[in-house]
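Every number here is computed from the coordinates shown, using simple stated rules; none is lab data. Quantities reported herein were computed from a predicted structural model and do not represent experimental measurements. As a convention, Cβ positions derive from the backbone with ideal geometry for all residues, glycine included, and neighbour counts pool all protein chains shown.
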Amino acid sequence: MIRPRSLPFLVLLAALVALGGMAIDMYLPALPTIGAEFAAGPDRVQLTMSVYLLGAAAGQLVIGPLSDRFGRRPVLVGGFLLFALASLGAVSSGSVEALIAWRLLQSFGAAVGGVVAMAIVRDSYPVEGAARTIAHLSTIIGLSPAVAPFIGGALLEAFGWRSIFAALAAAGLALAGTVAFGLGETRPPGIRPANLLRQLLHSYTTLLGDRRYLAYVLCVSFAFAGLFTFIAGSPYAVIEHWGVPPTRFGYVFAVLPIGFMVGAQLGAVLGRWLSVSALLSIGVALCCAAGVALVALYGLDGGLVAFMLPVAAYVVGVGIILPQGIACVMADHPQIAGAASAVLGCAQLALSAAVAALAAAMSDGTPLSMAVTMALAAPAALLAERIAALTRRPQPA
């Protein structure tokens, strides 16, 4: 069995979280090929991405309480087996509609990783230790968006797009086996109601009635939404507005994983001397300053480099915020940590999609709306952080 708080334990948690992202990033290079094979336009092919995000968001709301009720390990094993089955279904897809359906099912399986991994962290560490652990996890996971497209591209070139989903199926089976035979149950002991619906209602009523919890959820979600706005809009800004060739886009995009890893590790180091709440305040303040600088430097027409410098600072700020904020979100409700993680994950995806859509709707063909949206998301995160800091801690559920 893998010993809790060991390096293999940390690597396994990172793998649990990273698989869901790999299922997005690995097949991005194959989208044009899939469209050509099925004679489908970009809008239909991109539905394979949209339904995946929708399924991941909705699935988390059920998976979290399930892990509180039945335990972390059986839910993980079941989820990854479902992920592997759906990935194999994607391999056999004969139309883009079939691929969309398999991607939706795949997203339900992938959703277990992030939700349950964060619950396991809460089960295994005190709040300060949880923040440092999540920071280390973030550093490992941050490598995924930098590596996954290259893996997917290599598989696409060598064996075709279906091999990408075959590789994902193998990864899902490997993780299911590792969890089943190598990971002990971490869910804290306690009375679990036999009625699952009652458990769901109790968990979400408790969480949605906790003002402090909701404030931390909004803080993390707004910070992430600002980052996601750049992710969604960067291809148009970098390639179309500033004329960077698509082959070099990856070098610009690398600012994100590098900046995020720097922020996460900076938070882990400073966490030896500063509290989680102090680090959260620092991260939010950095995002606010970077947002103002982003709009100002764009207004001065400083070019791509001047635009990317505050973006890098913003990403570093998010790298500090997320581990601290997630630890704060999970701190007050250890008995329903799965549900607490699920609400956070769903809120992050939903708010990020809404904010990015707002930026796209306001776009005039330049990066201005993206810059303004990022600049506004940061003060929203700051307001939520201040509300959380000033709200009395409730009794644990």
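Quick one: what do you get for the stretch 297-397 if you divide its Cα Rg by 2.2 N^0.38 Å?
Here the answer is 1.32, to two decimals.
Report, in whole Å, the centroid distance computed from the Cα atoms of the stretch 1-41 and the stretch 326-394.
Cα centroid of the stretch 1-41 versus Cα centroid of the stretch 326-394: 23 Å apart.
Remind me, relative contact order of the chain in percent, using alpha carbon pairs under 8 angstrom and six or more residues apart? Before the final figure, lay out each step's value.
Working: 651 pairs, mean separation 102.0, N = 397.
The value is 26 percent.
Could you tell me whether the stretch 209-390 comes out rounded, prolate or oblate from its Cα gyration tensor? Rule is a ≥ b ≥ c as square roots of the eigenvalues, rounded for a/c under 1.5, then prolate if a/b exceeds b/c, otherwise oblate. List each step's numbers first, then the result.
Working: a/c = 2.02, a/b = 1.70, b/c = 1.19.
Prolate.
Express in % the proportion of alpha carbon pairs of the chain at distances exceeding 27 Å. Please list the in-between numbers first.
Values: 38241 of 78606 pairs.
Tail fraction, whole percent: 49.
Give me a comma-separated list of calculated 3J(HN,Hα) values for the stretch 56-70, in order, Karplus coefficients 6.51, -1.76, 1.60 applied at θ = phi - 60°, integers in Hz, x for any Gly or Pro.
Taking θ as phi minus 60°, the curve returns 5, 5, 5, x, 4, 5, 8, 5, x, x, 4, 5, 5, 7, 9 Hz for the stretch 56-70.
How high is the relative contact order of the stretch 209-390? Use alpha-carbon pairs under 8 Å, at least six apart in sequence, and give a whole percent. Provide the component values of the computation, followed by the final result.
Numbers: 248 pairs, mean separation 83.9, N = 182.
About 46 percent, as a whole number.
For the stretch 209-390, what is the charge dipole size about the Cα centre, in debye to the nearest 20, if Lys and Arg each add +1 at the Cβ and Asp and Glu each add -1 at the Cβ? Before the final figure, lay out each step's value.
Numbers: 5 positive and 6 negative charges, 65 e Å.
With only Lys, Arg, Asp and Glu charged at Cβ, the dipole is about 300 debye.
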